[in-house]
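Below is one structure, written out as structure tokens; comments come after it.
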Amino acid sequence: MSTHLELLSEHACFGGVQRFYRHDSAQIGLPMKFSVFLPPHASTGPVPALLYLAGLTCNEETFMAKAGAQRLAAELGLALVAPDTSPRGANVAGEADSWDFGVGAGFYLDATQPPWSRHWRMESWITTELLPLLTSTLPIDAARIGIFGHSMGGHGALTLALRHPGLFKSVSAMAPICAPSQCPWGRKAFAGYLGSDESSWPDHDASALMQRQTAAPYPGGILIDQGLGDKFLADQLHPEQFEAACALAGQPLTLRRHTGYDHGYYFIATFMADHLAHHAGQLRA
């Protein structure tokens with residue numbers, strides 16, 4: 001793991017600092033970018049952090065520019081971390097042919113199929129490289145990290161939280177892809193990254209992972225917000241499947257359905273404060 005962080009830019013923000021970084025990733029085999037907001041409290045010692053995973057076509061700038069999260073994060077003493085959504089510059093044939101696969105569409109898993117398996121290793125990058133790098137070089141408390149995300153990133157937040165329960169203390173999602181094995185986005189990604197043998201797909205499907213639980217992995221509760229005006233709700237997202245899986249596992253879930261809200265960042269910004277408060281409460285506990 002490269003321990004060198006290249007600071008690309010830095011901006012004073014609500015008494016804290018908004019930074020954009022790049023580092024040479026051993027897991028990905030390419031330079032990777034990510035953004036970090038450090039609250040004022042970070043000047044006196046390590047703070048809890050929220051890892052935000054963005055959706056299809058987004059990058060490390062999207063959340064920091066659009067979600068309106070820094071003001072409240074500064075008050076709550078939360079660091080915010082937003083990684084890019086995929087490798088870039090791999091020059092794999094077909095990587096930019098479609099918006100929902102390849103560049104900007106890493107799906108937060110480790111690909112097993114060539115040519116993707118060489119660079120598309122988002123799960124290992126985040127869990128074994130990025131987070132240890134951040135907690136060893138920045139004032140971030142490794143024992144108090146939460147994870148949340150939107151759409152493809154909501155899928156990533158739920159699956160990484162269930163696959164790495166010791167790493168994350170809290171989890172939430174906005175309009176997540178809850179059953180990717182059963183929707184067009186997920187089936188396309190899984191077939192490309194994991195192969196046509198569907199036996200490995202449930203390992204990266206939040207609803208399937210929750211069905212395997214014998215006890216609530218997050219007893220403090222999981223929060224999900226979903227807009228009912230979301231054009232992707234019926235075909236792609238399937239929150240009812242995750243809801244049913246949580247009921248079977250005894251996992252406390254707050255799934256809020258909001259009339260009129262769509263899939264975009266106006267929806268995300270509207271309910272961002274609730275998600276930050278959800279995590280702050282559990283990370284303080």
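Computed from the coordinates by the stated procedures, all read-outs in this text should not be read as laboratory data. No experiment lies behind these values; they were computed from the predicted model shown. Cβ sites come from the backbone with ideal geometry, for glycine too, and all protein chains shown count toward neighbours.
Tabulated results
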{"item": "Highest-fluctuation residue, 186, 45, 102 considered, GNM on the chain with Cα pairs under 10 Å", "result": "45"}
{"item": "Within region 176-285, trypsin sites (Lys or Arg not before Pro) in DSSP loop having at most 15 other beta-carbon neighbours inside 10 Å", "result": "212, 231"}
{"item": "Range of Cα positions in the chain per principal axis (Å), largest first", "result": "49, 41, 36"}
{"item": "Mean residue ellipticity (222 nm) of the chain, computed from DSSP H runs ≥ 4 via -39,500 (n - 2.57), nearest 500", "result": "-8000 deg cm²/dmol"}
{"item": "Between region 1-72 and region 227-244, the alpha-carbon center distance in angstrom", "result": "29"}
{"item": "Cα-projected label distance for residue 97 with residue 128, points at 7 Å along beta-carbon direction, nm", "result": "2.9"}
{"item": "Proximal aspartates and glutamates to residue 169, defined as alpha-carbon separation beneath 13 angstrom and excluding residues fewer than eight positions away on the same chain", "result": "141"}
{"item": "All lysines inside 22 Å of residue 33 as judged from Cα atoms, apart from same-chain residues fewer than 8 positions distant", "result": "66"}
{"item": "Estimated dipole of the chain in Debye, rounded to 20 [Cβ of Lys and Arg +1, of Asp and Glu -1, Cα centre]", "result": "460"}
{"item": "Highest-MSF residue in the chain out of 246, 178, 13 [GNM, Cα springs under 10 Å]", "result": "13"}
